[in-house]
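Bear in mind these aren't lab numbers, they're just calculated from the coordinates by the rules spelled out. Since this is a predicted model, take the numbers as computed values, not measurements. Note that each Cβ is placed from the backbone with ideal geometry, even for glycine, and that neighbours are counted across all protein chains shown.
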Amino acid sequence: MILEDLSPLPLAVVSPVVAIVIHVFYEDVFVEILEQLKNSDALPMKLYVTTTPENEKGIQKLLVSQPCDFLLRVVENRGRDVLPFMKIMPDVIGAGHQFLVKIHTKKSLHRNNGKEWRRDMFSSLIGGSATVNAIRFLGDNPHIGILGPAGHLVSMGYFFGCNKARVTHFASRMGVEPGELSGLSFVAGSMFVARVDALVPLLNLAISASDFEPELGQVDGTLAHAIERLFSVSVYSVNLSTTCADNVALTKYGFARARLAGRLGIILSFLSRRFATRLSPQFKDRIRKGFELLGIKL
């Protein structure tokens, strides 16, 4: 069990320090993140970092060489950035942080534009005045629970992908009816600034590590993909909203394709893995070209 019975934080213990929650799988991208944080406008922050055992020594070395207070936790490579986030959240909540920034070392190697995707999100969340502006925005707009990067807020109804059943199940446990979900939006890529209290309903579901699938390079349909959407459901369940800087929920997203493409990606991924030794070179080439039509490079 990850978390249970987490109540909203009493005002008396709220910390003015912003929690920067980072899951590190790629050390080189973590170096990018630290460089951007170093160039951020003055803001009290503490880094909450998760990484895998093989990366621990390298990440520890990088952390001790930077100026911010930090906490490092080692986790297994499971649940993408989502399970590590849920595992370290008790530390964030226990320290009394009111706001957090959630980022991770996204590379999306299955896509041609993964680097562009990552850097576009980073530029809106960390570095320069981005974090200060985001925290100020949340402070001035108490009805907002999650603020995502501009251009990365997408319509739930158009981008359920293969996750609708799971999203509906967990949403109902947070008191959100199925009919309400299509009208919501979520931040694609799971990088955002948020009120800590707005995520407590999701954390209270007590989802366990064993509920997450082993890492097999899946492009959709895992529990981590469902929770990517459930962050905004958690916010909605406490009568708050999810938005981004331009307040536009996209039905066409430059870094993904809606509905049919998501399903085709799952089918092509299955075929390429399940029948890899039995497919003819010509059919493998057709699979490769199918992926490329979805913007996915094998």
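Can you tell me the alpha carbon radius of gyration of region 65-194 divided by the globular rule-of-thumb value 2.2 N^0.38 Å?
Relative to the 2.2 N^0.38 Å estimate, region 65-194 comes out at 1.15.
Quick one: which residues, 5 or more positions from Val219 or on another chain, have an amide H under 5 Å from its amide H? H modelled 1.01 Å from N in the peptide plane, none for Pro or chain starts.
It is none; the list stays empty.
Taking the simple approach of a point 7 Å from Cα along Cα-to-Cβ for both Glu54 and Arg73, what is their distance in nm?
About 2.3 nm, to one decimal.
Pull out the extension gain between Asp211 and Lys61, defined as 0.36 nm times the separation in residues minus the alpha carbon to alpha carbon distance; nm, one decimal.
50.8 nm
Just how many % of Cα pairs in region 11-244 lie over 24 Å apart, if you round to the nearest whole percent?
For region 11-244, the share of Cα pairs beyond 24 Å comes to 41 percent.
Pull up all non-local amide H partners of Gly161: gap of 5 or more, or a different chain, and H-to-H distance under 5 Å with H placed in the peptide plane.
Those qualifying (amide H under 5 Å, at least 5 residues apart or on another chain) are Arg259.
What's the extension gain from Phe137 to Asn39 if we count 0.36 nm per residue and subtract their Cα-Cα distance?
Net length gain for the segment: 33.3 nm.
Please compare each pair in Lys106/Lys164; Lys57/Lys115; Lys102/Lys164; Lys38/Lys87; Lys38/Lys106 to a cut-off of 21 Å on the Cα-Cα distance and tell me which ones are over it.
Lys106/Lys164; Lys57/Lys115; Lys102/Lys164; Lys38/Lys87
In sequence order, what are the phi-derived ³J(HN,Hα) couplings for region 66-82 according to the Karplus relation 6.51 cos²θ - 1.76 cosθ + 1.60 with θ = phi - 60°, rounded to whole Hz, with x for glycine and proline?
Each residue's phi maps through the Karplus curve to give 10, x, 7, 4, 8, 10, 10, 10, 9, 9, 6, 7, 8, x, 6, 8, 6 Hz.
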